[in-house]
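> This is the structure I have questions about; it appears just below.
What follows is calculated from the coordinates using simple rules that are stated; it is not laboratory data. Since the structure is predicted, the reported quantities are computational estimates derived from the model, not experimental observations. So basically every Cβ, Gly included, is an ideal-geometry build from the backbone, and we count neighbours across all protein chains shown.
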Amino acid sequence: MPIDPTEPYDDNNIFAKILRGEIPSKKVYEDDWAFAFEDINPQAEIHTLVIPKGRYVSWDDFSAEASDAEIGGFVRAVGEVARIRGLVEPGYRLLANIGAHGGQEVPHLHVHIFGGQPLGPMIWNKG
Ligand code: 5GP
């Protein structure tokens, strides 16, 4: 069920619980700004999620409300995770879903990193 990105942050969302260590995850990377872990239901050979440590529902409130340090730290972390996963030379794809049309299901901002194989056309099969 897609989430409403204008709702207030819910401290009981599944990624908040992963950040607090209340639910296990396959950690890939962590620093002051971000935490990265493997997606539980991978959609590509490599499918890693990167989330900010701050309480942000989506790219919308993160881009509007986060400090420059949080944004800079998070963007650098996404790049670092791709490097750790060996994705720079073969290439990879970033995706952030926002709200209903984006198909966002977890109300804590996350960037998907896909790679490890050719990823095909970008989006929207009109047929
Ligand atoms: P969204 O559709 O919100 O952009 O993506 C949510 C992603 O979170 C999905 O790819 C889904 O497989 C993943 N996910 C949902 N619950 C869990 C979980 O408990 N652990 C992990 N590692 N990934 C999860």
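> Since Pro2 meets every condition but one in (1) buried (at least 17 other Cβ atoms within 10 Å of the Cβ); (2) within 18 Å of Gly102 (Cα to Cα); (3) of a type outside the set (Ser, Thr, Tyr), which condition does it not meet?
All conditions are met except number (1).
> With respect to Phe62, determine if the residue is among the aromatic types (Phe, Trp, Tyr) and closer than 19 Å to Pro2 by Cα.
yes
> Select, from Ala69, Ala36, the only residue that is under 12 Å from Val111 (Cβ atoms) and out of contact with any Gly (no Cβ under 9 Å at 6 or more places or on another chain).
After ruling out the rest, the residue left standing is Ala36.
> In addition: Mind checking whether some residue in segment 104-114 is more than 16 Å from the ligand (Cβ to nearest atom) and of a type outside the set (S, T, N, Q)?
no
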